[in-house]
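Here is the structure we will look at.
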Amino acid sequence: MFAKPYKLKSNNTLKNTEKKHLAQRILHYFPGVTEEKVKDLVPVKSTSSCMKLVLHSGETVGVYVVDGLPIMIETEEQLVPTVCALWKIPDLIPTITIHTPVLAKVLGGAPLYLPGVTLPPGGVGFPRFARGSLLAACTLDNSAAAIVGRSMLSSGDMLLRAAGTCLESIQVYGDLLCKETKFDKVERPKLGPPTYGNTTPDSLATDISQLNIQLNVKEEWPSLTKQMDQTEAPAPVPNEPKLIPEIPHTETVDNTEVIENEDSIITECPQVEEPSIPADMDGLLQWCLLTFIKLESKRIELPLKTNLLYKNHLMSLCPSDRTLEVKKSSYKKMGKFLESMQQQGLLEVREIEKGVDAVVALNAAHPLVAAHAAVRATSTRTTPTHAPAQPPLVREMFCVTAAVAELFPAHKKGTPLTPAEVRSTLTEYVKSRNLNSSQQKGAVTLDALLSKIVSKPELDHIKWEELMSGVQNKMTSSTEMRFADGSVKLIKSKLEPIKMQVATRSGNKKVTLVSNLESFGFNLQSLSQECQHGVAASCGVTRSPGSKFDQLMLQGDQTYYVAKLLIEKYGLPKKFVEGADKALKKKKC
């Protein structure tokens, strides 16, 4: 939350009544803490204030400061203790232990993954908490809290699973909040190594009902590996490295045995090379998702935004002779499809930002994934993140509607036509009926059909451009995208144009913001590299506060270069680039 710079909106000193109210709120949100500890955390005779901060994401939060140290963060949901508060009251929220090098990674912005957490043997003494609850983390060499965040897995899931994102960090020791000049020097106390509680296996078994564990996991998802008898070996320790024994090799091998093994491989290969691809769209969506989980679950970096999952991964795994369109399925929207897959236990989706959903966990051990024959549809396809910027050719189209069906008898309702085809058909209709006006040059005399379309009296005279626009207004505006592989996509709506905006940043520095590029099939990472070389200035992908889509940010006023690049190199019509005429008139800097 405080990894990027923030702005101070206000700083108000707290009165004694406000300090007491803050202490009561802490007791309300954290009922397990005694009143004496809260009074030590927020003394009545203390210098306290409330800072209103505007974060880099645009969210406004409050930070309560007591005697020069931040102790509480007020969000829209609840009060969140800082690491400084946990140094005074360690049992304010549950605390887990992580490996010491992981702290630097989390401070750099990486999420906390489950392999970075140290788990006690058999889960004895591990704290109990539900998914979404506040959670702290300390390191193996120091029991003082270093991370405060929100749990993305319950304690039971952490003990059962082997991988996944387990903590969404809110405040980390060493972030910009700890370096705030208004505070006293924030130093983490040096304490001894942490130890989990002394909970015995018997007490753990009695309290297991309180854990958020799905007890039917063993029945629905049977283990795919052969389990050992408890008398043969002790219980495995989570995250403990294991030594794989070497397979003894014999110098002499019978030739007959080699031939038998080769025959068995030949007979088994066709079952993997020819997977059955569902014919319906619902089945194809799930087939692509299962393929993605089986091939990419160990390499993909989570959380992954749902729109990027569909665009960059599922569509690339679709067979070349098929088209993956979620709108043609029974789900209609990607959110409903992922919700159904989450109910089946294939993945976990969560809102990481306001209005932005992302996949935070993938279940590669699910039986459907294990039984799925994952084969990439085509070897030539690559994910768009590494592909060059090759946007599709964009054309404006008009679809035939019931209002103009009599004017286009050769085309069915819903047929897309180019503006040239609309003008050609309209010209033939006027010439065949001799509707050119003899009284007014460049005008057309309206007959019964044309007067009904343009809503003007019959035998009235109308100019050609007005007639053309009147006919197009009664048709459905559409956009055709023709991709490099020959596939065509028709969007039955008018796309918002690409917008270029020159903004001023701190130090009176100008930057050019280009938005809505992804709607036209541009890959922002590849286009960013191309623009960086083209203008010899820094260029990157960013997102403005409150926006749901990324945008391109170039250093300086680069509207001339961007307009020329989109129109001349990629063939984008000027009407799809807002302010293109004005930008092209500028002299190149």
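The values are calculated or read from the model by the stated rules, or taken from the named source; none is laboratory data. Model, not experiment: these values are computed from the prediction. Positions of Cβ are generated from backbone atoms using ideal geometry, with glycine treated the same way; all protein chains shown enter the neighbour counts. In case anyone asks, the SASA skips ligands and DNA or RNA and just uses the protein heavy atoms, side chains included. Shrake-Rupley method; radii C 1.70, N 1.55, O 1.52, S 1.80 Å.
Taking 0.36 nm per residue of separation and subtracting the current Cα-Cα distance, fully stretching the chain between Val44 and Asp280 would add 78.2 nm. Give me the distance between the Cα centres of the stretch 302-316 and the stretch 427-480, rounded to whole Å. If we compute the Cα centre of each part, the gap is 47 Å. Only Cα pairs under 8 Å and 6+ residues apart enter the sum, and on that basis the relative contact order of the stretch 1-116 stands at 23 percent.
Quick one: dipole size for the stretch 42-176, taken about the Cα centre, charges +1 on Lys/Arg Cβ and -1 on Asp/Glu Cβ, in debye to the nearest 20.
On the way: 8 positive and 10 negative charges, 40 e Å.
Charge dipole, the stretch 42-176, about its Cα centre: 200 debye, nearest 20.
Below 13 angstrom from the Cβ of Gly109, what's the summed charge of the other residues (Lys, Arg +1; Asp, Glu -1)? Numbers along the way, then the final one.
Values: positive: Lys4, Lys105; negative: Glu168, Asp175, Glu301.
Local charge sum for Gly109: -1.
Using the Cβ of Cys399 as centre and a radius below 9 Å, the other residues enclosed give a net charge of +2, where K and R count +1 and D and E count -1. Using the Cβ of Leu53 as centre and a radius below 14 Å, the other residues enclosed give a net charge of +1, where K and R count +1 and D and E count -1.
Solvent-accessible area of Val54, all protein chains in place: 40 Å² (probe radius 1.4 Å, heavy atoms, ligands and nucleic acids excluded). Each residue of the stretch 147-153 is assigned a 3J(HN,Hα), and the resulting list reads 9, 10, x, 10, 5, 9, 9 Hz, derived from the Karplus form 6.51 cos²θ - 1.76 cosθ + 1.60 (θ = phi - 60°), x at Gly and Pro.
Only protein heavy atoms count here; under a 1.4 Å probe, Tyr561 has an accessible surface of about 50 Å².
Per-residue SASA remark: Thr476, around 50 Å² accessible (1.4 Å probe; ligands, DNA and RNA not included). First measure r as the distance between the Cβ atoms of Thr323 and Ala370, then evaluate 1/(1 + (r/R0)^6) with R0 = 41 Å and state the FRET efficiency to the nearest 0.05. So the FRET efficiency works out to roughly 0.90.
Its convex hull of Cα atoms gives the stretch 42-154 a direction-averaged projected area, equal to a quarter of the hull surface, of 8.2 nm². Across the protein chains, with a 1.4 Å probe defining accessible surface, the residues Arg322, Arg505 rank Arg505, Arg322 from largest area downward.
Only Lys, Arg, Asp and Glu carry charge here, each on its Cβ (+1 for the first two, -1 for the last two); on that basis the stretch 66-128 has a dipole of about 340 debye about its Cα centre.
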